[in-house]
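Q: Sharing a structure here in structure tokens format.
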Amino acid sequence: MGGGWESRVIGGREVVFDTEEFLRDPLQWTEEVARDLAHRCGLTELTDAHWKVIRFLREYFLQNGRVPLHRQLKAGTGLSLMEIESLFPGGIKLGARRLAGLPNPRTCEG
């Protein structure tokens, strides 16, 4: 695919990613996509803590059109920033956001 996008089939659906494995369209996200991305970055299992962060990020983004501030992420998950950063290879920006299907922080504000 041109323009730095690549597609793959996950769960019988074509899903389009940029070169850093961020979804082109956040609405293409499914839990199966999150599991696939987790596996690709070396996470063999997504724990309840991972899902708490992923779901909060998605819900906040879909309701507000932007990612939450760090203080909002802490309040919404009940986890410290250190705890969240340590859960995801790439931390919050390049890890949690990717698995949550949010836009690439390198190409958007937030």
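Q: In the range 35-71, how many are without any contact (Cβ under 8 Å) to a residue 60 or more places away in the chain and either in a helix (DSSP H, G or I) or in contact with a strand residue (DSSP E or B) (Cβ under 6 Å, 6 or more places away or on another chain) (or both)?
A: Qualifying residue count, the range 35-71: 23.
Q: Can you report the number of residues in the range 72-92 which are assigned to a helix (DSSP H, G or I), touching a residue at least 24 places away in the same chain (Cβ under 8 Å), open to solvent by 30 Å² or more (accessible area, probe 1.4 Å) and not hydrophobic (A, V, I, L, M, F, W, C)?
A: Residues that pass the stated criteria total 1.
Q: Quickly run through the range 22-42 and pick out the residues that are open to solvent by less than 30 Å² (accessible area, probe 1.4 Å) and more than 15 Å from P103 (Cα to Cα).
A: A38
Q: Residue by residue through the range 93-108, note down the ones that are touching a residue at least 12 places away in the same chain (Cβ under 8 Å) and either among the polar types (S, T, N, Q) or surrounded by fewer than 21 Cβ atoms within 10 Å (Cβ to Cβ) (or both).
A: K93, L94, P103, N104, P105, R106, T107 - these are the residues of the range 93-108 that are touching a residue at least 12 places away in the same chain (Cβ under 8 Å) and either among the polar types (S, T, N, Q) or surrounded by fewer than 21 Cβ atoms within 10 Å (Cβ to Cβ) (or both).
Q: Out of the residues in the range 43-81 that are modelled with pLDDT of 95 or more and hydroxyl-bearing (S, T, Y), state the one that is farthest from G101 (Cα to Cα).
A: My answer is S80.
The values are calculated or read from the model by the stated rules, or taken from the named source; none is laboratory data. Just so it is clear, the model here is predicted, and its values are computed rather than measured. A quick note on method: Cβ atoms are made from the backbone with ideal geometry, for glycine too, and the neighbour counts reach across all protein chains shown. Keep in mind that these areas ignore ligands, DNA and RNA; they rest on the heavy atoms of the full protein, side chains included. Shrake-Rupley method; radii C 1.70, N 1.55, O 1.52, S 1.80 Å.
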